[in-house]
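The values are calculated or read from the model by the stated rules, or taken from the named source; none is laboratory data. Because the structure is a prediction, the values reported are computed rather than measured. Quick reminder, even Gly has a Cβ in these numbers, built from the backbone with ideal geometry, and neighbours come from all protein chains shown.
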Amino acid sequence: MENTVLLEMKGITKRFGKTLANDHVNLRLYKGEIHALLGENGAGKSTLMNILLGIYRPNSGEIFYKGEKVSIRSPKDAVRLGIGMVHQHFVLIPTLSVAENIFLSTGNCSFILNRAKMEETIRGYSKKFGLDVDPGAKVWQLSVGEQQRVEIMKLLCRNSEIMILDEPSAVLTPQESREMFKTLRTMAKDGKTIVFISHKMNEVMEYSDRITVLKSGRVEDEMLTKDATVERLTKAVVGSRTLNKKVARAKKESACVLLEVEHLHVKNDKGLMALKDVSFSLRAGEIFAIAGVAGNGQRELAEVLAGLRKVTSGKIAMNGRDITKANARERISLGISFIPEDRLKMGLIPGMNLKQNAILKSFREPEFNRFGFLRNKPIKAVTERFVATHDIKNGGIDLPVSMMSGGNQQKLLVAREISSNPALIIAAYPVRGLDIGATESINNILMEQRNKGACVLLISEELDEIFEMSDRVAVLCDGKLMGIRNTSETDYEEIGRLMSGESA
Amino acid sequence: MNFGAIQIEKKQVVSLRSKILNTVMFVLLGLAFSSVLIIAVGFNPIAVYSKMISYSYLNLRGINGSIKAGLPLMLCGLSVSIAFKMNLNNIGAEGQYAMGAILGGAFALFGPELPIPVRLMVMFLLCAIGGGLWAMIAALLKAYWNVNETMVTLMQNYIALLFMDYLCYGPWMAKKQTTPISEPIPKGMYLPNIGNTGINSGVLVAIAIAALLYIFLKYTTAGYQIEVIRNSRKSAEYAGINVRRYILIVLGLSGAIAGLAGFVQITGVVHRVQAQLPGGSGYTGIVIAYLSKFNPIAVIIVSILMGGLENSCAAVQIMGVPSQIATMLQGSIMISVIAGEFFNHYKISFSKNNMISQNKTEGVAQ
């Protein structure tokens, strides 16, 4: 690691309306280092990086690059300076080949494409950095991990000197992550500067040289990784805020089978088979986790159980009764609750107010409905009850839910979903994108429901969460159930192997 | 040029007052734009506008006329509003109006001689059924095969109007007539004026429907479900709402209300069935729905203003202003108001220039 400052951001402030996303942030990047940007969601990490990329412009502050003051007004400026980013959602054209995608982004292809030369360049980088990419393959054929490598390759071919990666490990299995960080290390040794955004402390401690912790828009702490301890990082990320007490897992014995899924085949939106011969059974009073990299059939599984997707073949039975053909409304009255993965697309209606969202599942009940007319008083009462019991911060129950923070939105959704005393709660990534406080509340609610005798189907890609919460864990890979384990009898290694498709 | 100083922010809550203010402002802007064209053809826009206003809105006779002309517009506006409330682009009010008029008109002209109130009641229902069933074609196609309702309802308009032409030029044409009109309906079925005001009681039908619609959308579980579907079809399905059924209900209702325009127009105004009876009301209904922001009560008021606008053309025609001025005003006001919608949802502010300092911006170039 050399000690030359490559880039410096000084006093960066960015306001969105009344919220201060970045508040006088200073960030220093050294040549050839791996720099971790750590912080909760909403701490301002992405905003800061987007400023560096010219997507946002700061309200005040200065940026120095190689000692000279620069103004990055557009992504084009950033590219010219050699700053590039691998976004969490890849920007690739599926029908084109790897080489075509890469040269599309470099923008220096001649009128007549020289495929051989393109592929040669890519192979060169592949060898140099151990970045395994087949330049001739079509992007749609690639796994998520491979697509990420293509994105990294793009930056290399553009001669980027600063490479920013937004939560790069989120889409990978533990084994794949390790490989990826190894590649990043070789690139850093070659003089590239790497910044990765993360909220996982262990990978930050393991793979970075220097850490900057952001908290509510400000730099909370800055350190060399060798000086970092878990305590110091936790304190910087979370602050002095005291967390809710965790709800303990109650002992449960001899629970009866609640839901049985047999040889389930389900298609995705494109008409391709997303679930292949999936069988499992859920018991009352357990948390059954579905592990796996997102996009391996999790969404289809959640939707088919909630009655929102058709079964191609196979059977779903609840308490011994065949419910394969039951529609969403029937499933709701059978006591199946659903916390969908993208709450603003499904589950909550951002433009409608808290009251209207609170009764989304129950407006037909006589409590809220008299001769087809909505009863305002009970609706108001139930909303206020949700707000009070789950400490949902809001500007007023007559305002749209889009005005609340993600954590409070999720609390409202979860409050509604458990209010009907469900027998089964399908929770798809219930704490994704939430800060630590909200995460604790949601996890506590789910644990309480389990202790009360409900079954929770917890879909997650965070192994930490799965090992903390679940009684049993199943792994989905490419639509197939790779295996079911008692959580207490397995480990990260084994689950990681199952996630990557190796059968045990 | 530094566009960086302009900031666009999304407004979260919009008060009713600012909504109304916004609409009024952009109506005026639309008028200002039209006045350029009026000047271009050689007239004084102030004189033209004041003549139009004083003719249509500033005396009892003018107001009566405006209401009368606004009568079918109210129902067409309501029809379009409820469909648009669920993001269903029903631009077929014109055709649904025609089909309602045909079915109800057939009963009025050729139906059995029942007591007058019964006959009016049956005709009322038949008009609604005519329009409703006609819209149901588009609704079924939309609900079961996701066929674009905009195209279907538009094409259906041509079919309905040509069918009406056929009847009025053919089997229904009155004896000793050269124009495509039917015999008058029985005198007893004419809707009377309210007291001695000269205002036709058909307007009460429209107001009653507007009020019912307002209550339906705002206070019932059905209205709630419609709002959920409009905002997020996915969330509606998630909540177990039968979206397909609501497409049928809402488009059917929309068509039925448009069909009732036929009822009020035949019984209240023209007293017969004639070719081209809707005369573009179905399309003006779209303009009215937009200007009223789909609020049923506002539809009534805007319809009267639009009715008056159409009437006032006659007044300025005497001055030599082309009669197309009404259409032009409608168009420019609508474009202006729809464009102005942006300012209902976003706030634009000009921040002081304390951005990345402007000196040495060329540092980027290497």
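What helices (runs of 4 or more DSSP H) lie completely within region A:416-504 and have 1 or more residues being modelled with pLDDT under 95 and among the polar types (S, T, N, Q)?
So the answer is A:436-451.
Checking B:Ile249, B:Ile215 one by one, the residue that is over 30 Å from B:Gly62 (Cβ atoms), more than 9 Å from chain A (Cβ to nearest Cβ), part of a helix (DSSP H, G or I) and free of Cβ contacts under 8 Å to residues at least 40 places away in the same chain is B:Ile249 and no other.
Among helices (runs of 4 or more DSSP H) entirely within region A:58-138, having at least 3 residues that are under 17 Å from A:Gln148 (Cα atoms) singles out A:98-106, A:115-129.
Here A:Leu233 does not fit the description of being modelled with pLDDT under 85 and closer than 30 Å to A:Gln298 by Cβ. When A:Thr47 is tested against (1) more than 23 Å from A:Asp166 (Cα to Cα); (2) assigned to a helix (DSSP H, G or I), just one condition goes unmet, and that condition is (1).
For region A:417-451, the candidate set comprises residues that are free of Cβ contacts under 8 Å to residues at least 40 places away in the same chain and of a type outside the set (Val, Ile, Thr); within that set, the residue that is surrounded by the fewest Cβ atoms within 10 Å (Cβ to Cβ) is A:Ala438. The set of residues in region A:121-168 being of a type outside the set (D, E, K, R), surrounded by fewer than 20 Cβ atoms within 10 Å (Cβ to Cβ) and either touching a strand residue (DSSP E or B) at 6+ places or on another chain (Cβ under 8 Å) or not assigned by TED's automatic domain parsing to the domain that holds A:Lys200 (or both) consists of A:Gly136, A:Ala137, A:Val139. Within region A:160-198, being under 12 Å from A:Val86 (Cα atoms) and aliphatic (A, V, I, L, M) holds for A:Ile162, A:Met163, A:Ile164, A:Leu165, A:Ile194, A:Val195, A:Ile197.
Go through the residues of region B:351-361 one by one and say whether even a single one is buried (at least 16 other Cβ atoms within 10 Å of the Cβ), at pLDDT 80 or above and either in contact with an Asp or Glu (Cβ under 8 Å, 6 or more places away or on another chain) or not aliphatic (A, V, I, L, M) (or both). Within region B:351-361 (the criterion being buried (at least 16 other Cβ atoms within 10 Å of the Cβ), at pLDDT 80 or above and either in contact with an Asp or Glu (Cβ under 8 Å, 6 or more places away or on another chain) or not aliphatic (A, V, I, L, M) (or both)), the answer is no, since none of the residues qualifies. Which one is farthest from the chain's Cα centre (by Cα), of the residues in region A:341-372 that are more than 8 Å from every other protein chain (Cβ to nearest Cβ) and part of a helix (DSSP H, G or I)? It comes out as A:Lys355.
Considered as a group, the residues in region A:140-182 that are β-branched (Val, Ile, Thr) and touching a helix residue (DSSP H, G or I) at 6+ places or on another chain (Cβ under 6 Å) include one that is nearest to A:Gly496 (Cα to Cα), and that residue is A:Thr173. Here region A:377-407 is the region considered, the condition is being of a type in the set (S, T, N, Q) and modelled with pLDDT under 90, and the residue that is nearest to A:Leu446 (Cα to Cα) is A:Ser405.
Can you pull out the residues in region B:315-331 that are under 22 Å from the mean Cα position of the chain (by Cα) and either in contact (Cβ under 8 Å) with a residue 60 or more places away in the chain or in a helix (DSSP H, G or I) (or both)?
Correct list: B:Ile325, B:Ala326, B:Thr327, B:Met328, B:Leu329, B:Gln330, B:Gly331.
Part of a loop (DSSP other than H, G, I, E, B), crowded, with 17+ Cβ neighbours inside 10 Å and in contact with a Leu (Cβ under 6 Å, 6 or more places away or on another chain) - does that describe any residue in region A:1-8? Among the residues of region A:1-8, not one is part of a loop (DSSP other than H, G, I, E, B), crowded, with 17+ Cβ neighbours inside 10 Å and in contact with a Leu (Cβ under 6 Å, 6 or more places away or on another chain), which makes the answer no.
Considered as a group, the residues in region A:306-331 that are without any contact (Cβ under 8 Å) to a residue 60 or more places away in the chain, within 11 Å of another protein chain (Cβ to nearest Cβ) and buried (at least 17 other Cβ atoms within 10 Å of the Cβ) include one that is farthest from the chain's Cα centre (by Cα), and that residue is A:Ala326.
Rundown of residues vs (1) among the hydrophobic types (A, V, I, L, M, F, W, C); (2) closer than 22 Å to B:Arg244 by Cβ; (3) in contact (Cβ under 8 Å) with a residue 40 or more places away in the chain; (4) touching a Lys or Arg at 6+ places or on another chain (Cβ under 7 Å), yes/no style:
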site: B:Cys76; (1), (2), (3), (4): yes, no, yes, no
site: B:Gly92; (1), (2), (3), (4): no, yes, yes, no
site: B:Ala101; (1), (2), (3), (4): yes, no, yes, no
site: B:Ala138; (1), (2), (3), (4): yes, yes, yes, no
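With a requirement of 3 or more residues that are surrounded by fewer than 17 Cβ atoms within 10 Å (Cβ to Cβ), the helices (runs of 4 or more DSSP H) lying completely within region B:79-184 that satisfy it span B:116-145, B:149-169. For A:Glu62, the requirement of being at pLDDT 90 or above, in contact with a Lys or Arg (Cβ under 8 Å, 6 or more places away or on another chain) and acidic (Asp, Glu) is met. Picking from residues in region A:364-382 that are touching a strand residue (DSSP E or B) at 6+ places or on another chain (Cβ under 9 Å) and closer than 19 Å to A:Leu399 by Cα, the one that is surrounded by the most Cβ atoms within 10 Å (Cβ to Cβ) is A:Leu374.
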